[in-house]
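In what follows, a single structure is set out as structure tokens and then discussed.
Throughout, read-outs are computed from the coordinates displayed, never taken from laboratory work. None of these values were measured; they are calculated from a predicted model. Reconstructed Cβ throughout: ideal geometry from the backbone, glycine too, with neighbour counts over all protein chains shown.
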Amino acid sequence: SKEGYAHFMIKEIHESPKAVRDTISSLMSDLDVVEKISEEIRQAERVIVTGAGTSYHAGLYFSLLLTREGITSIPLIASEYYNVKGKRGDLIIAISQSGETIDVLQSIRKLKSEGAKVVSITNVIESAIARESDYKIYMRAGPEIGVAATKTFTTQVASLLFLYSYAFGKDWKALKDADKEVEQAINATEGFAKRVGEELAKKQNIYYLGRGLSLPLAMEGALKIKEVSYVHAEAYPAGESKHGPISLVESGFPIVFINDGEMPELLKNNVMEMKARGGKIYMISVNRKLGEAELEIFLNSKFPALSISPVIQLIAYYAAVSKGLDPDKPRNLAKTVTVE
Ligand code: F6R
């Protein structure tokens, strides 16, 4: 039941802190598996990270973390599996909430038959994808009813951050407080997200821009608002936006910047370029304020991605609701996609 919430989507966004807490404590009680997977990641010749939709965005985030450590990693949109030839020495990380997405299954089947080992991260015990994997990690997000992935995305990112931190000698123990960062972000954001969502709902097109680890979040923000509010949204690496996309920008064109605090000076150049053409700037900032925006939310966080995730989801939710749409059941979409 919705337990007093108007929709499952908003209920499930509010369940994100618990989902993250349960998942991190489950990982901490299963360090044997985490250790084995960490070793596989460090020893692999290549780490191929596969998933679809939202799960692909979590995968891209992880793949960027790995390439920053000097690991050769390929982020693979699952349905494009035929573009990669697997080989021994490859490690596949397959990410899927349902564990049943056929595109993900097909990608792991192909690469496995060519010699790769498979790690799966799913939210459903003994799902098809889990059953075909050499190593399994389960998220403990609980059931997700809304078609749009929300708490499960935040939980995927938390699980992957844990794995990354453990494998590369970072402070993985700090993730035991990750749920608090998510909770604080949700509490601080409702008003901002409602206003931005209502404004964006009236637009035809939106850009979501970010650099570095913010790019997968920009991509997820664009997907989320597109799928539940039917406003066309596109994400780009912020620096790439001047190589074409900026030609659309005129007075009032909305641009959501994701500023995770890593490269605010570089990002500011892109903000100024957009502003000079009349772009209307919305800014989600963590740890470093950027200014220059029509509306900016500022959060402090040890885990920027985990704080940004509920913000982009709340914006999408309020955009849908302000158009009178049911965000739990967007047209043309199914929760689990079992056709290729
Ligand atoms: C977006 C969404 C879809 C799924 C995709 C993969 O909100 O829900 O893009 O993320 O269909 O599904 P799973 O993770 O079950 O493999």
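For the chain, with the dipole built from +1 on Lys and Arg beta-carbon atoms and -1 on Asp and Glu ones, taken about the Cα centre, which of I145, L223, G59 lies farthest toward the positive end?
So the residue furthest toward the plus end is L223.
Report, to the nearest 10°, how far helix 151-167 tilts away from the longest principal axis of the Cα atoms in the chain, using its own Cα long axis and a range of 0 to 90°.
The answer is roughly 60 degrees.
Give me the tail of P(r) for the chain as a percent: Cα-Cα pairs with distance above 40 Å.
8 percent
Can you compute the modelled spin-label distance between D326 and Q106, with each label point 7 Å from Cα toward Cβ, in nm?
3.0 nm
Mind jotting down a quarter of the surface of the convex hull over the alpha carbons of segment 16-105, in square nanometres, one decimal? Don't skip to the end; give the middle numbers.
On the way: hull surface 25.8 nm².
That works out to 6.4 nm², a quarter of the Cα hull's surface.
Contour minus end-to-end for A334 and K85, with contour as 0.36 nm per residue of separation and end-to-end as the Cα-Cα distance?
86.7 nm
Give me the number: length gained by fully extending Y230 to K275, i.e. 0.36 nm times residue separation minus the C-alpha to C-alpha distance, one decimal in nm.
13.7 nm
Quick one: angle between helix 16-28 and the longest Cα principal axis of the chain, in degrees between 0 and 90, rounded to 10, please.
Helix 16-28 and the main axis of the chain meet at about 30 degrees.
Helix 178-200 sits at what angle to the longest principal axis of the chain, using alpha carbons and giving 0 to 90 degrees rounded to 10?
So the inclination is approximately 40 degrees.
Could you please report the charge total around K302, scoring K, R as +1 and D, E as -1 over all other residues with beta-carbon less than 10 angstrom from its beta-carbon?
Local net charge: -2.
Two decimals, Cα atoms only, Kirkwood Rh: what is Rg/Rh over segment 224-340?
Result for segment 224-340 is an Rg/Rh of 1.00.
So if we plug the beta-carbon distance of S25 and Y5 into 1/(1 + (r/R0)^6) with R0 = 35 Å, what FRET efficiency do we get, rounded to 0.05?
So the FRET efficiency works out to roughly 0.90.
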